[in-house]
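Readers should treat all values here as calculations from the given coordinates under stated rules, not as data from a laboratory. Keep in mind it's a predicted model, so treat the numbers as computed, not measured. Using ideal geometry, Cβ is built from the backbone for each residue, glycine included, and neighbour counts are taken over all protein chains shown.
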There are 2 protein chains.
Amino acid sequence: MKSRLRVSALLALSLSAPLGASAEEGMWTFNRFPAAHYEKSTGAQLDPKRLDHLRASSIRVSAGGSASFVSPDGLVLTNHHVASDCIEQVSTPKADYIKRGFAAKSRDKELVCPGLELHGLTRITDVTAQVRKATEGLDDAKAGEARRAEIARLEKACQTSEAVHCEVVKLYNGGVWDLYEYKRYTDVRLVWAPELGIAFFGGDPDNFMFPRYDLDASLLRAYEGGKPAKSPDFFALPPAGSKLAEGDVVLVTGNPGSTSRLNTVAQTENWRDFGLVPRLMYLSEIRGALVEYARRGKEQARHSQGLFFGVENSLKSFRGEADALFGGAVLEQVRVAERAFKERALANKATGPKVMQAFADIERAMGLARALRTRYDMLERGRGFNSDLFSSARTLLRASVELQKPDAERLSGYHDSNLPGLKNQLGSASPVYAEFEIFRLTFALTKLRELLGADDPIVKAVLGKDSPEQLATRVVRGSKLADPKQRLRLLDGGAAAVQAAKDPMIALAAVVDAEARAVRKRMEDEVDAVVTRAHETIQAARFEMYGTTQYPDATFTPRVNWGKVRGWTEPSGRVVAPFTTFGGAFERHTGAEPFALPKSWLDAKPRLALDASFNFSSDNDIIGGNSGSPALDAQGRLIGLVFDGNIHSLGGDYGFDTALNRAVFVDARALVHALDVVYGQADLLRELGAAPPAKGK
Amino acid sequence: MKSRLRVSALLALSLSAPLGASAEEGMWTFNRFPAAHYEKSTGAQLDPKRLDHLRASSIRVSAGGSASFVSPDGLVLTNHHVASDCIEQVSTPKADYIKRGFAAKSRDKELVCPGLELHGLTRITDVTAQVRKATEGLDDAKAGEARRAEIARLEKACQTSEAVHCEVVKLYNGGVWDLYEYKRYTDVRLVWAPELGIAFFGGDPDNFMFPRYDLDASLLRAYEGGKPAKSPDFFALPPAGSKLAEGDVVLVTGNPGSTSRLNTVAQTENWRDFGLVPRLMYLSEIRGALVEYARRGKEQARHSQGLFFGVENSLKSFRGEADALFGGAVLEQVRVAERAFKERALANKATGPKVMQAFADIERAMGLARALRTRYDMLERGRGFNSDLFSSARTLLRASVELQKPDAERLSGYHDSNLPGLKNQLGSASPVYAEFEIFRLTFALTKLRELLGADDPIVKAVLGKDSPEQLATRVVRGSKLADPKQRLRLLDGGAAAVQAAKDPMIALAAVVDAEARAVRKRMEDEVDAVVTRAHETIQAARFEMYGTTQYPDATFTPRVNWGKVRGWTEPSGRVVAPFTTFGGAFERHTGAEPFALPKSWLDAKPRLALDASFNFSSDNDIIGGNSGSPALDAQGRLIGLVFDGNIHSLGGDYGFDTALNRAVFVDARALVHALDVVYGQADLLRELGAAPPAKGK
């Protein structure tokens, strides 16, 4: 949920006029980086060698986030909120590292993050021709199947070992298909994390605001063969005493999760009216429930923290979308752009009518998507069964069926190329908290009954004579899937083992499986496949008009963009400066959550350079998934760490406003200063190559 | 919250073409009932005398609902969910009447409902001329003030004793102002209520559905001078053995809360985009929190039940609005109607341009309303301070200031004419549960901080260094306003007493009072007054075109409408029959909440006529506020009790669809049968004039 990866059935469509009017906009792929454009905009250069260094130093966090190597020994910098699942999982009732922070006393005390994977991009190959060829002459639904099969084949062929992860990525809404090959790190350990009190200072109330005062950072380490991974490409700090000023260039690499800037009006309206509003309600309700759940006790608060942050993050994002899509301005822009594109497309007598037909096909598909959505979300996307144990149960059940089929015919997620990830996930030692599982599943089953109706046959089949709470309690208490060994045993044992286990959670998954698959198949055949086909037509006209002077929508794959350190002026006239200082945090300290600084900070106050920069803002074009992205100066040196955007950036799904949209960073110098003065981490500072930090800005 | 009385600043505007195309649509006032239309539509007659009998037998529940006299001794029938506040308040930890139901052993054991008021309409006087005259020649804001002053004057003059309640009602969006005079009953007692398990059988999951199986009924009694009130006008039952069949005429009297069928497009869009979505999120979040709060324990569940039902009800209503307003069909109708009206209005060269100007004025006012809305909702409408104690504190604080001013200059709600209601409310013995108050206020303060921002001066002034929970705990624990005697003492004592009390909750109210009044004043002067003025112009053109062949929007004042017993056909093709039976409830009984029938019903099963009618549906035009409305046959005899609408009726705020919108009733025969067979209430049956109930339908 963290990066709000709406890996939606409703894929994006390219249509609007080239957007790259402003220098800062654009989430560019590494293989189609507009070097000349960059040079013109910044006066700096980014030659292929340096670009390659950026790529090789950047890291994707599989659970949804970004990071980078910051030493040659596999040290990885990311946000606290990206690492928080790990921090929570390695915590115990006696040692709550979320609350009190963590620092490994030495390398051999670094703690294994269960199930966490890091991916380093090693190669991109254009496979558009192969994907196209596989679907030639087929109707939409058949083409959809053939496309999935070809993608599975390409990924499997690419994935030569468990240390490699391959993904075919749909770019420009199917205008381009690229094969991304990653180096895979599955042994990742926690090195250092600050207290939540400073990582998330100001918490939820400040969530929409800047100035901010957060040390939203943590350090992990990638291991290979039980030893720290070698990472010759990494981001070094600028020399001690370097200044950062308004107007300085900021390069950001990272994995923006999902944008919809090129969607058609029909897609955007369909999402706004029938996707966004129910999502806002679902998230609001579970947020209310989670706040109260955490009041049950200290342990319950600790267990639910991760989901709570995820919900907060998603809510923030979706509220941003609502702000962008209600009130008309953004949507009106999309409408104007679509009209202009259609007019221009119609000037071509040969392809014009086909483009119009493609738009009509998408609109029709949206009608069906609307009718299927609730069922699809509830049954197949698991919103009606929100629980870690249920996820494991479904995965095991499906694996036991799918793995018996030829690779090309399996559900996506169960291809041979997915098996290493699947094993890592099922074998993860992440703790499962029964009480919290019951809470989540009760909530989800209640929504299932409410949204599909108590009379729906599938609801009756699921609940029988039970209330949601009774059922949730029974299947959670009765399941043995909290044990990673049991999960791996069932994965290895296949159908026979899964059946013999008689696990009540797997039985629950089995009750809904046929129905869930059925609605998924309709979504794939009658919505996705139609939309993808229509894209190809529209995108062809688009490439003809604009070439590749545009960037593709975000797809949670590595991108690079640039901007400058900048504050902004609110529509109200209020001027927001680009830098905040340590002193500002102390001014806001009230002692009451979430404005309570940790004791370590209160103690260190006399030694802190209170006027030194803490957080800063820039006009980089970022979105959920960029959390943890490194910020680099024109020389490629680490100057900061993305951790948020301002309220205006939240509409970034649908466009970019240079005047108002801002990325928000932890200043790298602030991190160094805190590691030194607050946390006394001399070894880490040495590894980061940090000289004694300068006092003052 | 129950009837979702959005007594909104955004008043309605009349614009669409006459809607009365279908016989069943229309919430008619008693003084402009279209008798000829009724006769044509039903073949029955409703002469002035009978209409007057309907009026005199009908009752408004001041907290938001409808009811009727059902015996000459002041016996009042309404919904369980309308009386539930009372049932909750007279309950104790040892006697949870919500859960186990209530039956007074004899009249002297009937329990006083704290603060509950019933109103019986006695007279309607047209005061349009007076209201118009008061505002002649004034600019919008001044006219707003003068109008409020004149209304206060008219109400005060009308209100000759504490047994009389008077209200000037804005009808046809200000096209007509009528003075409504009510007889006021302030001593209301609980006579009988069933268990929640049958009153709300199927609960939330069934909330959007029909068939239903609910005995959502309860009996109250109005008292005067400590004795049962005499109610010569009351609704009698039809003779025993009477049949009710599909197609039979159903008259409904009651107090529909609020519709917006005549709003302009600008108003409707403004509400949808900036009012409805935040409201859905607020309600969803508090719903999630309430479900968890109730899990703290049995007592907490009991205390929070009332608010939970209110939230559920509102959510249901607003979701209905969302269904109507998203997706375009309903909104498109409003757009088409507005265009048609404008064209027709422009045909009049003299008034046409003024009408256009009026539309433009409203659109401009909506822009401001949008900017003010969050602040207004949070500070003035109390959404940032959701707590009974805070309400009392604000009322006392404001009363201490307002009552010193001349009557005409006071805030509305503090005129002499409001004093009896105010005293009744403040003197009510409704219990206040400190833990629940803290929960509510914590939630509200958290939203206040989130939505206005932690840096907002008013938020800083409210919270200081406290967290929402700390502040809520301090002011709730420190306040003495839970004691009705203390509240009345402070009301009587005026400013000096209020100040001397040093009550922390009053201190909190004082912190926000200036700011809350300021945003209210802007809303009144720059939005409401502008919109009301614009209405007058538009409505004048409208009366010229259509006369009074249209009904005004609902205003929580007594109305009458008619329809027929009817099922419907879902768009999916599923046919829904208009009657359900007792047997259906037993078929759905699972033993788990909310499908758990009470023990009394399980025990009585052998004696129940399982094929007898339980609930039925009709195509009457109802909306929130009609809860508890009596259903009458063409002879004016009691055949049922409105308790809900089907999912389609929830869009009724913006229009009425005869094919799909249905009201849902408890069959009066079912009530009689249950009182007999399940509850053994021989005295009540005698009072209702019920012969031993017939077995079978």
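Here are some notes:
- Computed FRET value (nearest 0.05) for B:A44 with B:V576, which takes r as the C-beta separation and R₀ as 35 Å: 0.85
- Plainly put, the stretch A:278-379 has a radius of gyration that is 1.20 times its Kirkwood radius, both from alpha-carbon atoms, as the Rg/Rh ratio.
- Point-charge dipole on Cβ atoms (K/R +1, D/E -1) for chain A, about Cα centre, debye to 20: 740 debye
- Distant-in-sequence amide H partners of A:A631 (H built 1.01 Å from N, under 5 Å): A:I639, A:G640, A:L641, A:V642
- Per-peptide packing, taken as the mean over residues of other Cβ atoms within 10 Å, places A:285-294, B:37-46 in the sequence A:285-294, B:37-46 from highest down.
- The stretch B:265-546: C-alpha gyration tensor shape, a/c 1.5 cut-off, then a/b vs b/c: prolate
- FRET efficiency for B:R344 and A:R123, using Cβ-Cβ distance with R0 set to 60 Å, rounded to 0.05: 0.30
- Taking amide H as placed 1.01 Å from N in the peptide plane, the amide H of A:G645 sits under 5 Å from that of A:V664, each at least 5 places away or on another chain.
- Pseudo-label separations to other copies for A:E332 - Cα-to-Cβ vector, 7 Å, nm: 2.2
- Taking a ≥ b ≥ c as the square roots of the eigenvalues of the alpha carbon gyration tensor, the stretch B:351-505 is oblate, as a/c is not under 1.5 and a/b does not beat b/c.
- Across the stretch B:448-460, coupling constants 3J(HN,Hα) worked out from phi with the 6.51/-1.76/1.60 Karplus curve, θ = phi - 60°, read 4, 5, 5, 7, 8, x, 5, 8, 5, x, 5, 5, 4 Hz, and Gly and Pro carry x.
- Between this copy and the others, label points of A:D611 are 9.3 nm apart in ascending order, each placed 7 angstrom from Cα in the Cβ direction.
- Gain upon complete extension [B:R489, B:T548; 0.36 nm per residue less C-alpha separation]: 16.4 nm
- For the listed peptides B:257-268, A:474-485, a ranking on the average number of other beta carbons within 10 Å per residue, highest first, reads B:257-268, A:474-485.
- Along the stretch A:659-665 the Karplus relation, 6.51 cos²θ - 1.76 cosθ + 1.60 evaluated at θ = phi - 60°, assigns HN-Hα couplings of 5, 10, 6, 9, 8, 10, 10 Hz to successive residues, with x for each Gly and Pro.
- Taking a point 7 Å from the Cα of A:E593 along the Cα-to-Cβ direction, none of the residues of the stretch B:267-309 has its backbone N closer than 11 Å to it.
- Count of lysine pairs in the stretch B:265-546 with Cα separation under 22 Å (8 or more residues apart, or interchain): 13
- Check: the stretch B:66-144 dipole with +1 on Lys, Arg Cβ and -1 on Asp, Glu Cβ, in debye: 320 debye
- FRET E, pair A:S242, A:K94, Förster distance 35 Å, beta-carbon r, rounded to 0.05: 0.25
- Viscosity 1.567 mPa s, 4 °C: Kirkwood-radius Stokes-Einstein D of the stretch A:112-237 over Cα pairs, µm²/s: 71 µm²/s
- The dipole here belongs to the stretch B:265-546: it is taken about the Cα centre, uses +1 on the Cβ of Lys and Arg and -1 on the Cβ of Asp and Glu, and is about 340 debye.
- Directionally averaged projected area (chain A, Cα convex hull): 28.7 nm².
- Label spacing, shortest first and in nm, from B:K99 to its equivalents in the remaining copies (7 angstrom along Cα→Cβ): 3.3
- Cα point-scatterer Debye curve for the protein assembly as shown, base-10 log of I(q)/I(0) at q = 0.09 Å⁻¹: -1.31
- Centroid-to-centroid separation of the stretch A:192-241 and the stretch A:63-111 [C-alpha atoms, Å]: 9 Å
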